[in-house]
2 protein chains.
Amino acid sequence: MEYIVSDRVSTLKPSAIREIFKYAADPTVVSLSAGNPAPEAFPTEAIADISDRILRENPIAALQYGFTEGYPPLREAVGDFMKNEYNVGRDFDDLIITSGAQQVMDLLTKSMVNEGDTVICEAPSFIGSLNSFRSYNARLCGIPLESDGMNLEALENALRNEKNVRFIYMISNFQNPSGVTTSLEKRRAIYELAKKYGVLILEDNPYGELRISGENVPPVKSFDEDGIVVYAGSFSKILSPGMRLGYVIAPKPVVQKMVVCKQGEDVHTNVWAQMVAHKFMTEYDFKGHLEKLREIYKKKASFCMELLDKYLVPNKISYQKIEGGLFIWCRLPDGVDMPDFCKQAVLRKVCVVPGNAFLTDESEQCSSFRINFSTPTDEQLEKGIRILGELAKEIL
Amino acid sequence: MEYIVSDRVSTLKPSAIREIFKYAADPTVVSLSAGNPAPEAFPTEAIADISDRILRENPIAALQYGFTEGYPPLREAVGDFMKNEYNVGRDFDDLIITSGAQQVMDLLTKSMVNEGDTVICEAPSFIGSLNSFRSYNARLCGIPLESDGMNLEALENALRNEKNVRFIYMISNFQNPSGVTTSLEKRRAIYELAKKYGVLILEDNPYGELRISGENVPPVKSFDEDGIVVYAGSFSKILSPGMRLGYVIAPKPVVQKMVVCKQGEDVHTNVWAQMVAHKFMTEYDFKGHLEKLREIYKKKASFCMELLDKYLVPNKISYQKIEGGLFIWCRLPDGVDMPDFCKQAVLRKVCVVPGNAFLTDESEQCSSFRINFSTPTDEQLEKGIRILGELAKEIL
């Protein structure tokens, strides 16, 4: 039988990253290509204790069907936290729990974007979100990302000229893959542009709690008085990605449509995970845990940047210092064949992700690659970066 | 701001059932409208023991990112079980774990159905699946369901005349809402028709393990030598719906597209739930557990049918005896205003679901309603059915 696939899926390829992961599965290869939280960042004992308590004392609640909108006590705890810490959430907003923040990208696109409509995104940007937009046949329009956020002129041009722009997708803190944090000034400017052109902003903030230096910049959602910002939050980097827990804070009419879509996708999110997260946020030292995470990642990021300074020759590979997150963006001289460089690296047993994997058009030229420092051990990190430095010296 | 929603969502309403659930939330109302497994059907102690072992001995595996395709040992265990017990799965098939069987409906539609394409379904059918198809702007074509499955003449007419039919959706055992099990003869005929017209079958089988009398009928997928059947399985009724665990067994090219879509939807399914299900299937007496479930539901279903025989006057309300599942379909005289009957029932503190909620067009006339016997206690069930009988006597 010939299987006829839908138009939206016919254009969707498994991502270049997944091809790379095949090499990374080789245990002799040092993988700097993942984005997994560090194993020591999981509060394993607390989770085991909480889980045991739930499953002994209140098992039916954890095992029976739940609400599409999420476990009410968790919705309340997250809402309080985001309001108190970041002034995120107004009376016109609602909050629902999703199966990872990835589902926010999916549900918003499903709810608001017709096939052929335009989504504006940073270039480069997180490939998982881009694929989510693509899977509804959205047209992607990439805006060059500068060291303090999107180029505003290019953004306004796109808003003026692109047809049926439905939202602007941005990762405001420690962007994946570039590490860039959008400045407060640019956040305000982007907000004003969105307002002027009547377009929503999808603010994705999975790394916001992982700041290791500098001052927090208020989320775009914190100055949303007009109901134009959809905020996606995640427990993946602060509690556990395997639990698949995220949330969205957005104007009620938008959330209502997302709820109807979620009902048809997975009915609701795993209840056990929601109950564990709720107890962890409200009965344990949640802020102390976040502080501990920042210490873990500060140590790892600083060590990584020391290694980059030690092993890389700046005119061959340069990088932008980061203030948080899990990724560092490394730049080679213009015109380099980046997929080829990454293949050479794999042959020497180091795996990094070529920057063009994060572009709206993967076939475009890109002279950067992404490395991750949260997953490898210190030894692996040193070995990997040393090899990258040697490779650059030899072939560039 | 005016929120412009996508075409696919503009036609999607929250289901009539959800409106009814609002009444059912009143603790003085007897709800026969849900579809929750009976509380005593959960193997709570085994789950608590297994979970504790996983989270003490191997916490990182349960909390870290997992594979989009699912936890490999669970994929294997489910594949073995389905092959050995039901001869489901060939070399050309693959199996992935999904976030509930609901996600199978979503992913298959996303992968194979363009907006405006046709999905053929039983009429009546499960509203959650219908809404999933609707959320991709599929055109639904309902085929009248008889006591042994779809009307074959109507099915062939639809296959011949409808444009761009992409698949036939059927719940082969103890269908929700009608309780109907499709006969082996009709299963074979439907398979041959699908083959003849080059159309896939989506066989949904959430209740298959809950047979309380009669002989098992082989799944349509068990005679799929041509790679035309997509089989959706679920852990919701046999382990826990709150875990959100389902699976799909389908030809590899179909599964591959579903995997790409799943990556963009929720990356992967909650890992803890997959590990718990795996250990429960392989280290506990899984078949003994299923046997125990059948005993629980046999008792409940038999009691429910006794009550129906006792309290209902047959020429006012009749029902079809069931051999399994969680639902019984009750029929009133033709021409009755069913939503009104259900409202009257709610005023007397009993909640049932009007049959038209399960039609492809909810505004169509339907003289049946659905009751569920797994969720209420025996006392609630007796009270509810007694009131329904009284109501029918008075107003019909």
- Query: B:K262: which lysines have alpha carbons under 17 Å from its alpha carbon, excluding same-chain residues fewer than 8 sequence positions away?
  - Reply: A:K13, A:K110, A:K262, B:K110, B:K252
- Task: Would you mind working out the magnitude of the charge dipole of chain B relative to its Cα centre, with +1 at each Lys and Arg C-beta and -1 at each Asp and Glu C-beta, to the nearest 20 Debye?
- Result: 340
- Message: For the rotation taking B to A, I'd like to know which residue in chain B has the C-beta closest to the axis, plus that distance in Å.
- Response: B:N270, 2
- Query: Chains A and B: how much accessible area gets covered up at their contact, both sides added, probe 1.4 Å, in Å² to the nearest hundred?
  - Reply: 6500
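Using a Förster distance of 30 angstrom, determine the FRET efficiency expected from the C-beta separation of A:D361 and A:S318, and round it to 0.05. Before the final figure, lay out the partial values.
Working: r = 24 Å, r/R0 = 0.81.
Plugging the Cβ-Cβ distance into 1/(1 + (r/R0)^6) gives 0.80.
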- Query: Quick one: of the DSSP bridges fully inside chain A, what percent are antiparallel, nearest 5?
  - Reply: 50
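Considering only DSSP beta bridges whose two residues both sit in the stretch B:174-327, what percent are antiparallel, to the nearest 5?
Counting DSSP beta bridges with both partners in the stretch B:174-327, the antiparallel share is about 55 percent.
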- Query: Any residues in the stretch B:251-265 that have 50 Å² or more less accessible area with all protein chains than in their chain alone, probe 1.4 Å, and which are they?
  - Reply: B:K257, B:V260, B:Q263, B:G264, B:E265
- Net charge near B:N137 (other residues with Cβ under 13 Å of its Cβ; Lys, Arg +1; Asp, Glu -1) is +2
- Query: Measuring from a point 7 Å out along Cα→Cβ, what nm distances, shortest first, does B:E57 have to its partners in the other copies?
  - Reply: 2.7
- Message: Placing the label point 7 Å from Cα along the Cα-to-Cβ direction, what are the distances from B:P253 to the equivalent spots in the other copies, shortest first, in nm to one decimal?
- Response: 4.3
- Query: How many percent of DSSP beta bridges within the protein assembly as shown run antiparallel, rounded to 5?
  - Reply: 50
- Message: I want the local charge near B:D337. Using Cβ-Cβ distances under 13 Å, sum +1 for each Lys or Arg and -1 for each Asp or Glu among the other residues.
- Response: -2
- Note on the structure: In whole Hz, the Karplus estimates of ³J(HN,Hα) for the stretch A:248-265 (6.51, -1.76, 1.60; θ = phi - 60°; x where Gly or Pro) are 10, 10, 7, x, 3, x, 6, 4, 4, 5, 5, 5, 4, 5, 5, 3, x, 9
- Eligible lysines near B:K287 by straight Cα distance, threshold 27 Å, same-chain separation 8 or greater: B:K83, B:K221, B:K237, B:K279, B:K298, B:K299, B:K300, B:K321
- Message: Using the crude model of +1 on Lys and Arg Cβ and -1 on Asp and Glu Cβ, and no other charge, please compute the dipole size for the stretch B:108-207 relative to its Cα centre, in debye to 20.
- Response: 300
- Note on the structure: Packing-ranked peptide list from B:232-240, A:300-308, highest mean Cβ count within 10 angstrom first, is B:232-240, A:300-308
- Full-extension gain in nm, B:Y3 to B:E57, via 0.36 nm per residue minus C-alpha separation: 14.6 nm
- Label point distance in nm, A:K13-B:T377, each placed 7 Å from Cα along Cα→Cβ: 6.1
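Relative contact order (percent) for the stretch B:204-308, with alpha-carbon contacts under 8 angstrom and 6 or more residues of separation?
Values: 74 pairs, mean separation 29.4, N = 105.
So the answer I get is 28 percent.
Given the Cα-Cα distance of A:Y197 and A:F92 and 0.36 nm per residue of separation, how much length would full extension add, in nm?
On the way: separation 105, 0.36 × 105 = 37.80 nm, distance 2.06 nm.
That pair, A:Y197 and A:F92, stretches by 35.7 nm at full extension.
In the stretch B:2-92, what percent of the accessible surface is made up of carbon and sulfur (1.4 Å probe, ligands and nucleic acids excluded)?
Working: 2270 of 4310 Å².
Answer for the stretch B:2-92: carbon and sulfur cover 53 percent of the accessible area.
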- Message: Under 8 Å for C-alpha pairs, at least 6 residues apart: give me the relative contact order for the stretch B:1-144, rounded to a whole percent.
- Response: 22
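For every other residue with a beta carbon closer than 14 angstrom to the beta carbon of B:I387, add +1 if it is Lys or Arg and -1 if Asp or Glu, then tell me the sum.
Working: positive: B:K310, B:K316, B:K343, B:R348, B:K349, B:K383, B:R386, B:K393; negative: B:E379, B:E382, B:E390, B:E394.
Result for the local shell: +4.
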- Query: For A:K310, which aspartates and glutamates qualify as cross-link partners when the Cα separation must be under 18 Å and same-chain residues fewer than eight apart are set aside?
  - Reply: A:D378, A:E379, A:E382, A:E390, A:E394
- Note on the structure: Taking a label point 7 Å from the Cα of A:D80 along Cα-to-Cβ, the residues of the stretch A:32-52 whose backbone nitrogen sits under 20 Å from it are A:47, A:50-51
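Starting from the Cα gyration tensor of the stretch B:87-203, multiply each eigenvalue by 5, take the square root, and state the resulting semi-axes largest first in whole Å.
The three semi-axes for the stretch B:87-203 are 19, 17, 16 Å.
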- Item | Dipole magnitude of the protein assembly as shown about its Cα centre (Cβ charges: Lys, Arg +1; Asp, Glu -1), debye to nearest 20 | 20
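So what's the back-of-envelope 222 nm ellipticity for the protein assembly as shown, counting only DSSP H runs of four-plus at -39500 (n - 2.57) apiece and dividing by all residues, rounded to 500? It would help to have the intermediate numbers written out before the result.
Values: 28 runs with 343 residues, N = 792.
Mean residue ellipticity at 222 nm (helix-derived): -13500 deg cm²/dmol.
Would you mind getting the accessible area per residue of the protein assembly as shown, heavy atoms of the protein chains only, 1.4 Å probe, in Å²? Display every interim value, and only then the final one.
Values: 28450 Å² over 792 residues.
Accessible area per residue: 36 Å².
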- Task: With an 8 Å cut-off on Cα pairs and a minimum separation of 6 or more residues, tell me the relative contact order of chain B in percent.
- Result: 25
- Message: Suppose each label sits 7 Å from its Cα in the direction of the beta carbon; what would the A:K22-B:D226 distance come out to in nanometres?
- Response: 3.3
- Task: Could you compute the FRET efficiency for A:E295 and A:D337, with r as their C-beta to C-beta distance and R0 at 41 Å, rounded to 0.05?
- Result: 0.55
- What are the label-to-label distances in nm, one decimal and shortest first, from B:K196 to the same spot in the other copies, with labels 7 Å along Cα to Cβ? 6.4
- Task: Taking the dipole about the Cα centre of chain B, with the C-beta of Lys and Arg at +1 and of Asp and Glu at -1, give me whichever of B:I249, B:M338, B:T269 is farthest to the positive side.
- Result: B:M338
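The values are calculated or read from the model by the stated rules, or taken from the named source; none is laboratory data. Keep in mind that this is a model prediction, so the values were computed, not measured. Don't worry about glycine lacking a Cβ; one is built from the backbone with ideal geometry, like all the others, and counts go over all protein chains shown. In case anyone asks, the SASA skips ligands and DNA or RNA and just uses the protein heavy atoms, side chains included. Shrake-Rupley method; radii C 1.70, N 1.55, O 1.52, S 1.80 Å.
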